[in-house]
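The values are calculated or read from the model by the stated rules, or taken from the named source; none is laboratory data. Since the structure is predicted, the reported quantities are computational estimates derived from the model, not experimental observations. Every residue, glycine as well, gets a Cβ built from its backbone with ideal geometry; the counts of neighbours run over all protein chains shown. In case anyone asks, the SASA skips ligands and DNA or RNA and just uses the protein heavy atoms, side chains included. Shrake-Rupley method; radii C 1.70, N 1.55, O 1.52, S 1.80 Å.
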Amino acid sequence: MKNQLETLNEVISKFTEAEKKLMNENRFPYIFSKAWVYLKMGPEKYRKQDAFSQPPLDFDDEDLEILAHGCRQVLQGVGLTKENPFSELDVLGFSALFRLFHFQKFDRKTEHNVVFKNKKGAIDIITFEHAVDGGQVVYYNFCEYLTID
């Protein structure tokens, strides 16, 4: 089984030059390491060692699965561009994922009527600010439009 650094290097090796630049601007290695640790430890152990007690105690199994799904996407290198955004997290899940990494939403832009993987929806472009040092990052999240039958 690969260790964290080997897995990170493998993900980075697949990035385009533009993504490598975005990776550094958006603290991808830091976020990757937080996602890695969360998936290895699980929510209870992670919360006990986390300075902000994340994830919250009131998160149910569905909320925790959304966080795990988001962390698995981080380990695949998604989220840095609108061509490869996070998905299947919904708006609240996306924000909760970044709170897990100690970021709060600072700004939000949305592009509507976007098609991603043959699904129609919106892409949120969220600027997050780190709770401790105030540094900002920008990540993308696709939200599929709901259909009413």
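Tabulated data for the structure shown
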item	result
Checking K109 against (1) touching a strand residue (DSSP E or B) at 6+ places or on another chain (Cβ under 8 Å); (2) part of a helix (DSSP H, G or I); (3) open to solvent by 50 Å² or more (accessible area, probe 1.4 Å); (4) under 22 Å from E129 (Cβ atoms), the condition it does not meet	(2)
Spans of helices (runs of 4 or more DSSP H) in the stretch 1-81 with at least 3 residues without any contact (Cβ under 8 Å) to a residue 40 or more places away in the chain and within 20 Å of F142 (Cα to Cα)	61-74
Any chance R99 is open to solvent by 70 Å² or more (accessible area, probe 1.4 Å), assigned to a strand (DSSP E or B) and not hydrophobic (A, V, I, L, M, F, W, C)	no
Options C71, C143; residue that is under 29 Å from E10 (Cβ atoms), crowded, with 16+ Cβ neighbours inside 10 Å, in contact with a Gly (Cβ under 6 Å, 6 or more places away or on another chain) and not aromatic (F, W, Y)	C143
Scope the stretch 112-140; condition outside any strand (DSSP E or B) and open to solvent by less than 70 Å² (accessible area, probe 1.4 Å); matching residues	A131, G134, G135
Sole residue being at negative phi and surrounded by 15 or more Cβ atoms within 10 Å (Cβ to Cβ), chosen from D50, D60	D50
Positions within the stretch 74-92 being open to solvent by less than 10 Å² (accessible area, probe 1.4 Å) and farther than 20 Å from T16 by Cα, in sequence order	L89
